[in-house]
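Accompanying notes for the structure given below.
No value in this document is a laboratory result; all are computed from the given coordinates. This structure is a prediction, so every number in the text was calculated from the model and none was measured. Backbone-built Cβ (ideal geometry, glycine too); neighbour counts: all protein chains shown.
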Amino acid sequence: MFLIGLIVFYATASSWLKFLIFEVMYQEKAGLNWIEIVFYHNYLLIVAVLFGLLTVNPFPRHSDLFSLRIAYKRSELPHFFPFLNPFKVRRPQTLSLKGTLKLWILWQFVKWFITFTIVISLGGLPILGHFPLIFYAMTHGVGDWFLVPRVFMLPLVPASGQEIISLIPTMEIQYRALYVILVTLLGIVSVRMFLKLIRHVLQRERNLVVRDFFGVLTCLTSVIVLGAPYWSTDITTPYDYIIDVTLLVVFLLSAISFHFRGFSGSVLPTKFRTLSIFCATVIVIILLANASSIASLRLNWNNNWVNYEWIPLTSKKIEVTRWAAGIQDVDRLSISNLPSGNITKILSLVRQWDQEAAYTKMKNQIGVNWMTLSDSDIIYIHGREYWIAPTTIIYPSRDWISVHMIYTHATKMIAIDSHEGEFVSVAKVFQVNQEPMIYYGEGLRDEVYVNVKGFQEIGNTSYSGKADYVLSGWQRVLWFLVQGQFGFALSPPQESINMLYNRDVLQRVKDILIYGLNVDPDVYLVSDGNRVYFAAQVYVDYPLHSGFTGSNYLRFFAVVLVDVEDGSMHGYIVGKSDRFLIDFYKNYYSFWDSPPEWLLPQLRYPEALLGTHKIQGQLDIDFKYHVNDPFTWRSGSDFYERPVATEVHYVLTTKGEEVNFMGLQLVEFKDSPGRNLAGLYMAYNGPKLGQVELYSVTNTTAAQLIGPSAALQALDTDDYVRPQLTLLKNKRLGNILLYSIGHNLYYFIPVYITTEIENAVMTKMAFIVAIDATTGASVATGEDAAQAYYKITGSIPIEETKAEQRLEEIMKQFTSRGYSLVQPEKIYANVEIQIKNVTYTNDVMWSQTSYELNTFIQEYVEKYDQTEVYYWYTDNSTIKFGILVSDRGVVKLYYISILYK
Amino acid sequence: MQREEFDLWLKTTFIGVFRVAGHKFEKTATGEVLIDRGTYTREEAELLFLMLHSRNPFTRLNAEIVISERNGTLIKAILVVAIILFVILITRIR
């Protein structure tokens, strides 16, 4: 007994301590009251207490279960089934718990506690789902009580699509609250009636058996009738509803009549029997009339399909589902309207490196055995797109000290330009002073203890931020006892120990979200130029109960930034007001702001919200529910599907001179043998976040376009590409991307080769294939997208800026700072050191070139106090700038090489 | 004619089965009458005989209901019909 008490105390105390840690941590690092957030400002507790009370028997000292047990013992059954009654009865039997008040109270408490625990742990009850949020929202202005009668009448008086949309907040909040309470009550009553029914069967109380039987049926039918407003309604539904209500009345009257009277046994006609016959006749007439109406409508279904199903059901379902999925504002355009931008610019932005290739290439840059790449994410910052992979810890040693005291953080982030595939320093990508240390990241699941005397973190660094929680006193003792670290519990190196807790950024964000909010599992990095943050994208994914919705309520809601170094968090709301859940959640997380200016261009529309092969999202709903024509719907001729080979890819596209960062999803017609392109979705990121456009291949489109699957076939079967592919070992085809260039559509598919040398994996882009999407017949390869494009079109690149102008720009970098440029006849040095090799063949590359030139000037020309800079040409397209420095008799030439045409 | 036969059957000790409008009348050793396995007094049986032969269809229906009520057929029928209706109702729910 003592041991059990100790275990209970221990479990309670450690749970309480964890709650305390969460409370303090989120207060300090996110400025929010965690307990208030996750317990719905105590609504969860109140709801759990009240729902638990519903299970308590309202009559003191009465218990249906105990009465059944006693009735069973008194019946003849124990003689037939002795194994069901293994305990001998020692006391006289009673039909109630009279005289055993304590036992009754204990039993009621047990039932209450079980229900309370279920509601607290599940946030609701099985089948009925989650409901504390409903009660909280109900008292905070969501929905309207005056609309409840209208909701109740929906099966009899169907609403238009727009009216259903306007009623959904009330259906999900006020009516749902009523539904949950009444269904729970009816469930409890039907269980009690069922127990009574068995008891009365054992006691051979015929009338009471029938009463209980009809009581159970009444409860169950009531549940069905209460759920009727959630039905999707076609032309037959009002008749169905009348049948259901009639049966409910029949079952209820039968239960009442058998309760008060039952079979009298009188031979003479009685008023009751006459009334019963009359009622039965009326009921049969009602049931038959409605059933025959349904049968008649069903027989004529196909010849009246538009009026019977399309208008009352399908068209409304499309309208409501589009609203629910948040795709009602998707712009529908013909693929011929797909914007084409500046050719040179778009060719310099084609995403030639896909995630897997970038990830493989980055792996080699880690350099130590205790770090690995956590994930490779696409980001868009300062006008360029990068693959960036933060590292996480891979423990060479899993002992407690290593995990919790030494390997406290990762130190590297690796970035690759998504077009060029070249490594770029993280400091340059984010324009921060130094690469941040990663104390909070992906996969960092173990808590760590920092600033502990006698222990050194890896890399000889020491955490300088604020701890998530400081363990001291009895809390430290309890915490380390749970960890099995008796030394730290009883004789620690210091009284207070700083702990970093819940460091996995995804989990850290999930733990502050309430029901209906979800996080895109793909977190990515952003920066304000001072700090680097993980951005977790939070979206609304709330199940709606109306049969008219084919989708959950889906909306992008917020972005939560987690500082990679100190774990501080801040949310920014991006969702637009909807007078429903977005407004509710905005009110709930009222301490979150609008996103700052610096963040907007870096924001991405969540991939999980758009949809992937594994997670159904908004686009998956649109694949079907974009159809508005009844016969197109019925024939299924315009439904889309996501091709196996593609998902949402974040790419850069151009519209004139404007560069846009967007999510691109190609779609094919569902089950199409020709694998034609049906359309492409473009989801804007950055300032136009949330704007989605569908460019569809319509009947009026002049030519049919091949889809991504057909593009792969075109690549595989091309006479030139096929032999090249067979020559490559360990080849892999990259992402299939579609670009609109010069008002034509081209697929670009990079081909990578991967080689493994002594466990080091190297990946390289062998070539890139361009495929004309109009026919699939024209296929060309090139070292890069531009070369492949010019080869396929047979055109000559048009330079938008003359090479001479670019050369002038380069030279200005030196002359504007007062340096003289000298072109020597010849230049000699003992040692020649190339500092950088830069390509500046179009305007887009200027920012990179300018940065490299500035770095060269600061780190060499200024450092060695030079006034003259030499330049010379090695061929007609490359210029080099250098300085001569004498170092202890050795003349060194430091130079930078620039390819400018 | 049948009324006289019935009275004769009821008053004598003849223990054979008497059939009225499809129902089986039997006498028990205790002097009661079994109608379709339901027990009745002689008076009730007589009354039922008259009801079964009434010209009023409601009276005849009443007699049928009394017989099926007393022998348990009615209750079984009600329960079976209720279950069937409930199953149909469940299957019709969308």
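Under the definition of Cα pairs under 8 Å and six or more residues apart, what whole-number percent is the relative contact order of chain A? Walk me through the numbers on the way to the answer.
Working: 1564 pairs, mean separation 83.3, N = 901.
It comes to 9 percent, rounded to a whole number.
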Can you grab the distance from the C-alpha centre of the range A:702-755 to the C-alpha centre of the range A:285-350, Å, no decimals?
-> 34
Go through the range A:877-892 residue by residue and turn each phi into a ³J(HN,Hα) via Karplus (6.51, -1.76, 1.60, θ = phi - 60°); whole Hz please, and just put x for glycine and proline.
-> 10, 10, 10, 10, 10, x, 10, 9, 10, 9, 10, 6, x, 9, 8, 10
Under 19 Å from the Cα of A:LYS892, which lysines turn up, not counting those fewer than eight places away in the same chain?
-> A:LYS826, A:LYS836, A:LYS863, A:LYS880
Apply the Karplus parameterisation 6.51 cos²θ - 1.76 cosθ + 1.60, with θ equal to phi minus 60°, to every residue of the range A:244-255 and state each ³J(HN,Hα) to the nearest whole Hz, in sequence, with x for glycine and proline.
-> 5, 5, 4, 5, 4, 5, 4, 5, 5, 5, 4, 4
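Once every DSSP H run of n ≥ 4 in chain B is given -39500 (n - 2.57) and the sum is divided by its residues, what mean residue ellipticity at 222 nm do you get, rounded to the nearest 500 deg cm²/dmol?
Details: 4 runs with 55 residues, N = 94.
Per the formula, -19000 deg cm²/dmol.
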Acute angle (nearest 10 degrees) that the helix A:101-122 long axis makes with the longest principal axis of chain A, alpha-carbon atoms | 30
Return the loop-located GluC sites (Glu not before Pro) in the range A:823-901 (DSSP other than H, G, I, E, B) with at most 15 other Cβ atoms within 10 Å of their own Cβ; answer none if there are none.
-> A:GLU825
Interchain or sequence-distant (5+) residues whose placed amide H lies within less than 5 Å of the amide H of A:TYR395 are none
The farthest towards the positive end of the charge dipole of chain A, of the residues A:LEU106, A:TYR790, A:LEU893, given +1 on Cβ of Lys and Arg and -1 on Cβ of Asp and Glu, is A:LEU106
Filter the GluC sites (Glu not before Pro) in the range A:610-690 to those in DSSP coil with at most 13 other Cβ atoms within 10 Å of their Cβ, and list the result.
-> A:GLU657
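Over the range A:619-764, what is the mean sequence separation of C-alpha contacts under 8 Å (at least six apart), divided by residue count, expressed as relative contact order in percent? Numbers along the way, then the final one.
Details: 226 pairs, mean separation 21.0, N = 146.
Once normalised by length, the contact order is 14 percent.
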For A:LYS29, counting only lysines whose alpha-carbon sits under 23 Å away and dropping same-chain residues fewer than eight positions off, the answer is A:LYS18, A:LYS466, A:LYS510, A:LYS586
Can you list the residues, at least 5 places off or on another chain, whose amide H is less than 5 Å from the amide H of A:GLU668, using H built in the peptide plane?
-> A:GLU641, A:ALA678
Measure nothing but the geometry: give the 0 to 90° angle between the long axis through the Cα atoms of A:473-483 and the longest principal axis through the Cα atoms of chain A, rounded to 10°.
-> 90
A convex hull over the alpha carbons of the range A:368-440 yields, per residue, a volume in Å³ of 89
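Which of the chymotrypsin sites (Phe, Trp or Tyr not before Pro) across the range A:814-878 are loop residues per DSSP, with 14 or fewer other Cβ within 10 Å?
Working: sites: A:PHE814, A:TYR819, A:TYR828, A:TYR840, A:TRP846, A:TYR851, A:PHE856, A:TYR860, A:TYR864, A:TYR870, A:TYR871, A:TRP872, A:TYR873; in loops: A:TYR819, A:TYR828, A:TYR840, A:TYR864.
Sparse-neighbourhood loop chymotrypsin sites (Phe, Trp or Tyr not before Pro): A:TYR828, A:TYR864.
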Gap in Å between the Cα centre of the range A:392-464 and the Cα centre of the range A:124-156?
-> 47
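Return a whole-number percent for the relative contact order of the range A:803-899, with Cα pairs under 8 Å and 6 or more residues apart as the contact set.
On the way: 141 pairs, mean separation 34.8, N = 97.
Relative contact order comes out at 36 percent.
Any chance you could tell me what percent of the C-alpha pair distances in the range B:2-92 go past 14 Å? Numbers along the way, then the final one.
Working: 2797 of 4095 pairs.
Pairs farther apart than 14 Å: 68 percent.
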By DSSP, what percent of the beta bridges with both residues in the protein assembly as shown are antiparallel, rounded to the nearest 5?
-> 85
Averaged over every viewing direction, what's the projected area of the C-alpha convex hull for the protein assembly as shown? Give it in nm², one decimal, please.
-> 59.9
Between A:LEU32 and residues 5 or more places away or on another chain, which pairs have amide H atoms under 5 Å apart, with H built 1.01 Å from N, and which residues are they?
-> A:GLN27
Could you run the Karplus curve 6.51 cos²θ - 1.76 cosθ + 1.60 with θ = phi - 60° over the range A:784-795 and give me ³J(HN,Hα) per residue in whole Hz, x for Gly and Pro?
-> 9, 4, 5, 4, 5, 5, 5, 5, 6, 8, x, 9
What's the exposure ranking of A:ARG298, A:ARG204, going from fewest to most Cβ atoms within 10 Å?
-> A:ARG204, A:ARG298
Plugging the Cβ-Cβ distance of A:THR774 and A:ASP578 into 1/(1 + (r/R0)^6) at R0 = 45 Å yields, to the nearest 0.05, a FRET efficiency of 0.65
As a check on your grasp of the helix formula, calculate [θ] at 222 nm for chain A: sum -39500 (n - 2.57) over DSSP H runs of n ≥ 4, divide by the residue count, round to the nearest 500.
-> -11500 deg cm²/dmol
Hull surface over four for the Cα convex hull of the range A:531-577, reported in nm², is 4.1
C-alpha long axis of helix A:43-53 to longest principal axis of chain A, angle in ° = 20
Alpha-carbon Rg with Dmax, taken over the range A:765-852, Å = 18.9, 58
Where in chain B are the DSSP H helices whose C-alpha atoms run 27 Å or more along the long axis and whose mean Kyte hydropathy is at least 1.6?
-> B:73-92
